[in-house]
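Novice: Would you mind keeping the following structure in view while I ask a few things?
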Amino acid sequence: MTNIPPEKSQPSSPIPVAPSLESSLAGIITPDHSGEDERRIITISGLAILVAFGAAFAAQILTGLIGFVTNLAFYGRVSTDLVSPADNHLGPWVILIPVLGALVVGVMARYGSSAIRGHGIPEAMEQVLHNQSRIPPRIMLLKPVSAAIAIGTGGPFGAEGPIIATGGALGSVLGQFLHITANERKVLLAAGAAAGMSATFGSPVAAVLLAIELLLFEYRPRSLIPVSLASATAAGVRIVFEGAAPVFPMGNISAPGGFAIASYIILGALVGLAAVFITRGLYAVEEGFERLPIHWMWWPALGAIVVGVVGWIAPRTLGVGYNNIGETLNGTLVGKALLVLVIFKLISWTIALGSGTSGGTLAPLFTIGGGIGALLGRAGAGLFPGAGIDFRIAALVGMAAIFAGASRALLTSVVFAFEVTRQPLGLLPLLAGCSAAYLVSLIQMKHTIMTEKLARRGTPVQQEFSVDHLDQILVQDIATEDVITLSAAESVESVRNQIVTQKAGFTHQGYPVVTLSGQLLGVVTVRDIMASPESPLTLLKDLVRRAPIVAFTSETAREAADKMVAAKVGRLPVVNPAEPGTIVGIITRSDLLEAHERRLHAENQQGRNLAFSVPQPWRNRPGV
């Protein structure tokens, strides 16, 4: 046994193990660092564009189907034009229409697939996290049809949620037929979902951000490029069918002053607080339905009774209500009418969605948030005349802030509000108000409207993204330099005796084996030595079963960790790429843990709120 600072050892002859070393390294996969990965991005991008076309056409079909059901149910005519149910003349009979639609949805959910229940995004998140992004193919048909029936018969939902879910299902199903990896299937799912949102609202950038913040759980080229191309493609298809005008056009707004910006921050905080209560109320309603002593198939019909009654009292609450959002942003829906819409839309939507029917969350939240913002903006302008508070900007901030508070998709909320109105001077108030709403939500709620259901099912969802700490550290910075090596010419019996007698230095579980010239031959473990059935004269070199798997000094700690996992080893000799046969260090699992220990110390330099004690460095501990 020798304790050699290997960096001082110079090879005296050509490296005899280099060929086997290279072949061994070739079998270790290090993600995202090869031309093959770049070619895969091109392939997946092409598939994502194909999915985008499908999602964009699905959006057109679903919109037409909603229009067809709405016209037939409320007006008794055959047409695919998207109209509001608010102008019907059915009187009290209007109560029956949502109930009949909900009965159909309940039957479809029970005998088709229960996955059609809800607004789609949490269900897609669950498939990404737990089912390798595999969505059953039947969802592509059942989700849009059920949503068209629910919304077309007066359900207070937007079409965007079902379209997002349908696009995601399309991407997932294509990925299943092609037998690609789970990560690539996740990218196609997210691409389809982003394309669905982009095709609905003409908001391609916000759709990409939504996919990143709620579905991908990563920000990497392999996912960003395909999703971005899919979103742009779907927006292009939408332009062909609908034109390039913004979904919610507004009159031009003026640049706000300092006092107005402060007002929008306060408004954002208040709307964020409203988002917290709305989220809690929604899941309280859901819990109430779960306590009912009847099968969940009947719950949507019970919720639809409330939808019908509210729709009779306040017809504007029925259906998608995109016109309500536009009128709120432009100031044509004001006063008591707006207050009634906000209150009754909240009641109708909360009970309907809590009952487990099929529908979306974005449009109802935008309606409620925009209404709250407009009402508060007018109140603020009345209290502080001349302060520059614009109720239209307040409505815009409220619309975006309620989604930022409910979902914590901050960037999505800001960019979405800009893309659907094309008002660049609204970006600063949007950023200020949405950030305030996000902060309030973060303080008041552990989970969001998207993740609460998953958390109750035992699925942790992390919405905080950061660069992997191990990706920021080089192997040479954390590897142990003084390596205890074993001579290939030493007998197994001699080393075994040293282990039994606990000779100094035998405190680890594995040791590099080197030739007389100092060249790396392989690695043997204490278990290999103690369990060897060979004769006492067997040399250590005879226990080396495979070429060494090494880490290069220039690699990151994450790459080294990936190699350990792929090779099922707990330690890697460290070599310089220029001299791959000469050891300059060794890296172990404990070194990786110690790197995280340093991170914890850096984040808690003054020991703030540490609920545990960080152990001393592991490098000198036995069992490495």
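Novice: Scan the range 229-286 residue by residue and report those that are assigned to a loop (DSSP other than H, G, I, E, B) and touching a residue at least 60 places away in the same chain (Cβ under 8 Å).
Specialist: Passing the criteria: PRO246, VAL247, PHE248, PRO249, MET250, GLY251, ASN252, ILE253, SER254, ALA255, PRO256, GLY257.
Novice: A follow-up question, please. Restricting attention to the range 237-263, and to residues there that are of a type in the set (Val, Ile, Thr) and over 15 Å from LEU425 (Cβ atoms), which single residue is least open to solvent (accessible area, probe 1.4 Å)?
Specialist: If we take residues in the range 237-263 being of a type in the set (Val, Ile, Thr) and over 15 Å from LEU425 (Cβ atoms), then VAL237 is least open to solvent (accessible area, probe 1.4 Å).
Novice: Quick one: which of ILE66, ILE116 is β-branched (Val, Ile, Thr) and modelled with pLDDT under 90?
Specialist: It is ILE116.
Novice: List the helices (runs of 4 or more DSSP H) inside the range 484-585, counting only whole elements, that have at least 3 residues being touching a strand residue (DSSP E or B) at 6+ places or on another chain (Cβ under 7 Å) and modelled with pLDDT of 80 or more.
Specialist: Those helices (runs of 4 or more DSSP H) span 557-567.
Novice: Looking at (1) free of Cβ contacts under 8 Å to residues at least 40 places away in the same chain; (2) farther than 30 Å from LYS446 by Cα, which is the only condition GLY311 fails?
Specialist: So GLY311 meets the others, but not (1).
Novice: Hey, another quick one. In the range 328-346, what count of residues is obtained for those that are in contact (Cβ under 8 Å) with a residue 40 or more places away in the chain, in a loop (DSSP other than H, G, I, E, B) and open to solvent by 50 Å² or more (accessible area, probe 1.4 Å)?
Specialist: So the count comes out to 1.
Novice: Only one of these is modelled with pLDDT of 90 or more, under 28 Å from ILE266 (Cβ atoms) and under 33 Å from the mean Cα position of the chain (by Cα): LEU333, LEU376, LEU338. Name it.
Specialist: LEU376
The values are calculated or read from the model by the stated rules, or taken from the named source; none is laboratory data. In this text, all values refer to a predicted model and were calculated from it rather than measured experimentally. In this analysis, Cβ positions are derived from the backbone assuming ideal geometry, glycine residues included, and neighbour counts consider all displayed protein chains. To get the accessible areas, we keep the full protein, side chains included, count just its heavy atoms, and leave off ligands, DNA and RNA. Shrake-Rupley method; radii C 1.70, N 1.55, O 1.52, S 1.80 Å.
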